[in-house]
1. For segment 14-24, which residues satisfy the criterion of being surrounded by fewer than 13 Cβ atoms within 10 Å (Cβ to Cβ) and either at pLDDT 95 or above or in a helix (DSSP H, G or I) (or both)?
2. Just to be sure, is residue 32 surrounded by fewer than 12 Cβ atoms within 10 Å (Cβ to Cβ), hydrophobic (A, V, I, L, M, F, W, C), out of contact with any helix residue (DSSP H, G or I) (no Cβ under 8 Å at 6 or more places or on another chain) and in a helix (DSSP H, G or I)?
3. Go over the candidates 38, 43 one by one and state the one that is free of Cβ contacts under 8 Å to residues at least 40 places away in the same chain and loosely packed, with under 13 Cβ neighbours inside 10 Å.
4. May I ask you to list pairs of residues, at least six apart or on different chains, whose Cβ atoms are under 8 Å apart, with the first in segment 62-74 being over 12 Å from residue 19 (Cα atoms) and the second being assigned to a helix (DSSP H, G or I) and β-branched (Val, Ile, Thr)?
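The values are calculated or read from the model by the stated rules, or taken from the named source; none is laboratory data. Because the structure is a prediction, the values reported are computed rather than measured. Here the Cβ is made from the backbone with ideal geometry for all residues, glycine too, and neighbour counts use every protein chain on show.
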Amino acid sequence: MAPALGIGMLVYAYGLWRAAAWAKPLGVVYALWSTANVVLFPVFEPLPGGYGLPAYITFFAVPGIVAPWAAVWLLGRRSAR
């Protein structure tokens, strides 16, 4: 599974680099997966020692949700031109 995910990420990165319209659906899928991963991680796994919920939200949750959705938004702006 990991090699397939890695190849998918390389294809998505190439699409982002080229600002290709076909990369937007891949970006939405990745953003949904990333959001689910960030939200569900603390439900099923304890936070690493020494890190509380505020640190988790600041350093992991916000970038993990905002960055993928920002890429989708920027691709949408690019294809609208």
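1. 14, 17, 18
2. no
3. It is 43.
4. That search, which allows pairs on different chains as well, returns 64/35; 64/38; 65/35; 65/38; 68/35; 69/35.
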